[in-house]
Amino acid sequence: MADLDAFTDALDYPVYVVTAAAGERTAGCLVGFASQCSIDPPRFMVWLSKANRTYRIARQASHLAVHTLRDDQKRTAELFGGRTGDDIDKFAHVDWHRLTTDGADAPVLDDVRAWFLGRVEARVDGGDHVGFRLAPVAEGPPGPVRPPLLLFSDVADLTPGHPA
């Protein structure tokens, strides 16, 4: 739809790395469709493409981790957005740890601006993407300095590892 394209072309928003685990399998991808969707109770929605491996793992996951990137982390964005977990172990190229708490299990990237772990409360089919509504259960401290975030315009030239 050309009218919506004109509207969305004018937007510039943060991008996120979303990670998931199901058993021993881990996955992660770069996400542009995400937002806080409730203040009380706090909720966050992330949309994953049905075409990618992260979606396939996330369907079986009880929790997802959502990470913000600093504006100097384009290389991390390229890894999680420009490569597919079908062909490469993305986690072999970054520092991360597995967070297991209160039934939660998700890979958490160590070098990011901030992160939170969310329990999957609902899934919403949105067409070629599925929305995962998350209830936060744990978070990493963002630190005293608030560096600029990596934005969509910083990665607009990225060729996706999978088509949308």
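The values are calculated or read from the model by the stated rules, or taken from the named source; none is laboratory data. This one's a predicted model, so the numbers in the text were calculated from it and none came from an experiment. In this analysis, Cβ positions are derived from the backbone assuming ideal geometry, glycine residues included, and neighbour counts consider all displayed protein chains.
In a residue-by-residue description of the range 119-129, the property of being under 16 Å from Gly32 (Cα atoms), part of a strand (DSSP E or B) and in contact with a Lys or Arg (Cβ under 6 Å, 6 or more places away or on another chain) applies to no position. So which residues in the range 119-148 are over 18 Å from Pro14 (Cα atoms), modelled with pLDDT of 95 or more and small (Gly, Ala, Ser), if there are any at all? If the condition is that a residue be over 18 Å from Pro14 (Cα atoms), modelled with pLDDT of 95 or more and small (Gly, Ala, Ser), then Ala122, Ala135 are the ones that fit. Just checking, does the range 93-105 include any residue being of a type in the set (Ser, Thr, Tyr) and either closer than 22 Å to Ser38 by Cβ or assigned to a helix (DSSP H, G or I) (or both)? Within the range 93-105 (the criterion being of a type in the set (Ser, Thr, Tyr) and either closer than 22 Å to Ser38 by Cβ or assigned to a helix (DSSP H, G or I) (or both)), the answer is no, since none of the residues qualifies. Being aliphatic (A, V, I, L, M) and within 24 Å of Phe152 (Cβ to Cβ) is a condition met by no residue of the range 97-105. What are the residues in the range 54-72 that are surrounded by fewer than 22 Cβ atoms within 10 Å (Cβ to Cβ) and touching a strand residue (DSSP E or B) at 6+ places or on another chain (Cβ under 9 Å), if any? Result: Tyr55, Arg56, Arg59, Gln60, Ser62, Thr68, Arg70, Asp71. Annotation: Asp95 fulfils all but one of (1) acidic (Asp, Glu); (2) farther than 18 Å from Leu117 by Cα; (3) at pLDDT 95 or above; the unmet one is (2).
Among the numbered conditions (1) farther than 23 Å from Ala114 by Cα; (2) surrounded by 18 or more Cβ atoms within 10 Å (Cβ to Cβ); (3) among the hydroxyl-bearing types (Ser, Thr, Tyr), the only one that Thr76 does not meet is (1).
A quick yes/no check of all residues on (1) out of contact with any helix residue (DSSP H, G or I) (no Cβ under 7 Å at 6 or more places or on another chain); (2) β-branched (Val, Ile, Thr); (3) under 14 Å from Phe152 (Cβ atoms):
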| residue | (1), (2), (3) |
| --- | --- |
| Asp3 | yes, no, no |
| Asp9 | yes, no, yes |
| Asp12 | no, no, yes |
| Thr26 | no, yes, no |
| Gly32 | no, no, yes |
| Ser62 | yes, no, no |
| Gly82 | yes, no, no |
| Ile88 | yes, yes, no |
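At least 3 residues being charged (D, E, K, R) is the threshold, and among the helices (runs of 4 or more DSSP H) wholly inside the range 1-84 those reaching it are 2-9, 74-82. The C-beta contact set for the range 122-139 (first residue exposed (fewer than 13 other Cβ atoms within 10 Å of the Cβ), second residue modelled with pLDDT of 95 or more and of a type in the set (Gly, Ala, Ser), distance under 6 angstrom, 6+ apart or interchain) comprises Val124/Gly131.
Consider the range 144-163 and keep the residues that are of a type outside the set (D, E, K, R) and closer than 13 Å to Leu69 by Cα. The one that is surrounded by the most Cβ atoms within 10 Å (Cβ to Cβ) is Leu150.
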